[in-house]
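**Student:** Mind having a look at this structure? Questions to follow.
The values are calculated or read from the model by the stated rules, or taken from the named source; none is laboratory data. Note that the coordinates shown come from a computational prediction; the quantities given were computed from them, not determined experimentally. Cβ: placed from backbone, ideal geometry, glycine included. Neighbour counts: every protein chain shown.
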Amino acid sequence: MIRFDRVSKQYRTRGGGYRRVLDETSFEIGPGQALGICGHNGAGKSTLLRLIAGVERPSSGTVDRAMSVSWPLGYASSFQSSLTGADNVRFIARVYGRPVDRVLAFVEEFAELGAYLDMPIRTYSAGMNARLAFAASLAVDFDCYLVDEITAAGDERFRARCHAALMERRERGTLIMVSHDPHVLRAYCDTGATLVDGRLTFYDTIDAAMEQHF
């Protein structure tokens, strides 16, 4: 269970004022839920995911997590470019207390980078970096998976593998997704929500949420 209790989040603007992204927001997300969040650019969707993940703290209110939560799938910005792909994966495994050999074996098989896995990430193309990021995201088991826009990268065969892997995790865990693509939201999500002016409104179906947003 993830519970927000009267959570607000605001940032100081350059003009000296404040911009409120969330305003006294309360909700619960339970096990097995597949939630798609709709909102225009700048509405605060990514900030909401960071609050759910615990990367950011709320300005007020509390966030309680009774389940393990992933970082956004496919997120590659935290990789250390001077280290090899394999060393980055080993570091991730140790941070999350997972067996290093098992996590590395999964990434090696899933990402299909071959010898590049033992080369510095700064030598990777954008596509290779995305492959490593997605594989690393899936290599650690979580109760709740966060997806911020990106769902796959690479050729059609690799995208199909990513889709199958994400659907498998959706079936046995909780999924919270942010996307501007209605086809992606409909493919992965059952329920929906819209984020407008700091207010999060929930709907029984993803189609109902998209009808309000798009």
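**Student:** With the structure loaded, tell me whether MET128 is surrounded by 18 or more Cβ atoms within 10 Å (Cβ to Cβ) and either in the same structural domain as PHE91 (by TED's automatic domain parsing) or in a strand (DSSP E or B) (or both) or whether it fails that test. First the steps, then the outcome.
**Tutor:** Values: surrounded by 18 or more Cβ atoms within 10 Å (Cβ to Cβ): yes; either in the same structural domain as PHE91 (by TED's automatic domain parsing) or in a strand (DSSP E or B) (or both): yes.
Yes: the conditions hold for MET128.
**Student:** Follow-up. Residues VAL184, VAL147: which one is outside the structural domain of VAL95 (by TED's automatic domain parsing), among the hydrophobic types (A, V, I, L, M, F, W, C) and within 30 Å of ARG6 (Cβ to Cβ)?
**Tutor:** Every option except VAL147 fails the conditions.
**Student:** Which count do you get for residues in the stretch 124-145 that are within 14 Å of ASN88 (Cα to Cα) and of a type in the set (Ser, Thr, Tyr)?
**Tutor:** Total satisfying the criteria: 2.
**Student:** Please give the number of the condition GLU112 fails out of (1) acidic (Asp, Glu); (2) in the same structural domain as GLU168 (by TED's automatic domain parsing); (3) surrounded by 15 or more Cβ atoms within 10 Å (Cβ to Cβ).
**Tutor:** (2)
**Student:** Quick one: which residue in ASP141, ASP207 is charged (D, E, K, R) and over 17 Å from GLN33 (Cβ atoms)?
**Tutor:** Details: ASP207 fails: over 17 Å from GLN33 (Cβ atoms).
One residue alone meets the criteria, ASP141.
**Student:** Restricting attention to the stretch 1-39, and to residues there that are outside any strand (DSSP E or B), in contact (Cβ under 8 Å) with a residue 24 or more places away in the chain and more than 15 Å from the chain's Cα centre (by Cα), which single residue is nearest to THR194 (Cα to Cα)? Break it down into steps so the answer makes sense when it comes.
**Tutor:** Taking the stretch 1-39 and keeping what is outside any strand (DSSP E or B), we get 1, 13-17, 30-33, 39.
Add one more test, that the residue is in contact (Cβ under 8 Å) with a residue 24 or more places away in the chain, and what stays is 1, 30-33, 39.
Pick out the ones that are also more than 15 Å from the chain's Cα centre (by Cα) and you get 1, 30-32, 39.
Details: MET1: 20, GLY30: 18, PRO31: 20, GLY32: 20, GLY39: 6 Å.
Taking the candidates together, the pick is GLY39.
**Student:** Looking at (1) in contact with a Gly (Cβ under 8 Å, 6 or more places away or on another chain); (2) of a type in the set (D, E, K, R); (3) within 19 Å of THR25 (Cβ to Cβ), which is the only condition ARG199 fails?
**Tutor:** That leaves (1) as the condition not met.
**Student:** Does LEU49 count as touching a Pro at 6+ places or on another chain (Cβ under 7 Å), of a type in the set (A, V, I, L, M, F, W, C) and under 30 Å from GLU171 (Cα atoms)?
**Tutor:** Taking the combined requirement at face value, the residue satisfies it.
**Student:** Can you tell me which of SER78, SER60, SER82 is more than 30 Å from GLY198 (Cβ to Cβ) and either loosely packed, with under 13 Cβ neighbours inside 10 Å or without any contact (Cβ under 8 Å) to a residue 60 or more places away in the chain (or both)?
**Tutor:** Values: SER78 fails: more than 30 Å from GLY198 (Cβ to Cβ); SER60 fails: more than 30 Å from GLY198 (Cβ to Cβ).
The match here is SER82.
**Student:** Next up: What number of residues in the stretch 1-60 are at pLDDT below 90 and more than 25 Å from HIS180 (Cβ to Cβ)?
**Tutor:** Total satisfying the criteria: 6.
**Student:** Let me ask something additional. Scan the stretch 1-46 for residues that are under 19 Å from TRP71 (Cβ atoms), in contact with a Lys or Arg (Cβ under 6 Å, 6 or more places away or on another chain) and of a type in the set (Val, Ile, Thr) and jot them down.
**Tutor:** ILE2, ILE37, listed by residue number.
**Student:** Scan the stretch 175-193 residue by residue and report those that are crowded, with 21+ Cβ neighbours inside 10 Å and within 20 Å of THR25 (Cα to Cα).
**Tutor:** Matches in the stretch 175-193: LEU175, ILE176, MET177, VAL178, GLY192, ALA193.
**Student:** Name, by its number, the condition in (1) surrounded by 20 or more Cβ atoms within 10 Å (Cβ to Cβ); (2) outside any strand (DSSP E or B); (3) under 13 Å from the mean Cα position of the chain (by Cα) that does not hold for TYR145.
**Tutor:** Going through the list (1) surrounded by 20 or more Cβ atoms within 10 Å (Cβ to Cβ); (2) outside any strand (DSSP E or B); (3) under 13 Å from the mean Cα position of the chain (by Cα), TYR145 breaks only (2).
**Student:** For the stretch 131-142, enumerate the residues that are assigned to a helix (DSSP H, G or I) and charged (D, E, K, R).
**Tutor:** ARG131
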